[in-house]
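Laboratory data are not the source of any read-out in this text; all were calculated from the coordinates shown. These numbers come from a predicted model, not from an experiment. Methodologically, a virtual Cβ is constructed for each residue, glycine included, from the backbone with ideal geometry; neighbour enumeration extends over all protein chains shown.
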Amino acid sequence: MCALFAGACLCVCFPPTSRAGDDPLREKKEAVSAPGGAGAPAAGQGYTIKCPEGWTVRKGMVPQIDLTLSCDADPGATISVTRAPAGPVKEITESAAREMKEMLTANLPGYEVTAEEWREVDGARAYRVSARYTLRSGAFQMAMQNSQVLFVKGGTAYTITYTLTPGLFMKHLGEFETTLGSFGAKIEAIPTAPGQQPAARTAALPVSRKP
C-alpha cells in the first residue's frame, strides 16, 4: 500500500516553483492559472476543493500533481493534490502510515516528524503527518515544513499537502485546514436493475495533534 502514496508524498515535498539553480520560492510564471475566483471551488479530476481567498489555482506545475493552490502574497506557500488509482485498497492502514514515515525519513534530508494524527476527510479515514526537512538543490539549501494528509476515497488514493518554510508555516495553516475540510469527491450512481439499491462510484469527470 505504501507504493500508492510514495511518489506523491515525495514530489510534493519540493515547492513546485523550484528548479535547479533557482530560488525555490520564486513564482514559476509559465504555470497555467485555472478559472475560478477567491474562495471558489476548484475542480480537480474527480473532486472539488475550495481555493482560499488570495490564492491561485494552478495546473501543470509538476506532472505528478493534479492541482496546486499557491498563495499570491507568499508564492512559496502551496497546497497540492495528487491522486492515483487505489485498486483493491479501501483505506490507509497503520502499517502503511508507518512505512510512509520510514520512506520519507530515508529520502528527505533532516526529515523529522513534528505531529501526526488520524482523522476523516470527506468521510474517509485519513492519516496526517507534519514534518520539517531540508530542501537541497546543488549548493542551495533551505529548511521546509509540510503537512500531508493521505486517504482513499471512491477507489482513488489522495495526498493533500501544505508546504512552506517553518517561519511562515503557521501563517497559512488555517487556510489549509479550511481547504482540507472542503474536499469532496464527485460521486455518481451506478445504474442498477429495477428494485435494486443504487451503488456509488467516483465520477470520471473533471480536492489528536496538529503542527
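Odds and ends about this structure:
- A simple rule links phi to the HN-Hα coupling: the Karplus curve 6.51 cos²θ - 1.76 cosθ + 1.60 with θ = phi - 60°, which for segment 160-174 gives 10, 10, 9, 10, 6, 6, x, x, 10, 4, 5, 4, 10, 4, x Hz, with x for Gly and Pro.
- For the pair K90 and M170, a Förster radius of 30 Å applied to the C-beta separation gives a FRET efficiency near 0.30, rounded to the nearest 0.05.
- 10 Å binning of all Cα-Cα separations within segment 37-174, expressed as whole percents from 0 upward: 11, 39, 39, 11, 0
- Cβ-defined net charge surrounding W118, 9 Å radius [Lys, Arg +1; Asp, Glu -1]: -1
- Backbone amide hydrogens, once placed in the peptide plane, bring T114 within less than 5 Å of S130, A131, R132, excluding anything fewer than 5 places away on its chain.
- Most to least packed among 132-143, 73-84 [average Cβ atoms within 10 Å]: 73-84, 132-143
- Separation of the T178 and A143 label points, Cα + 7 Å toward Cβ, nm: 2.8 nm
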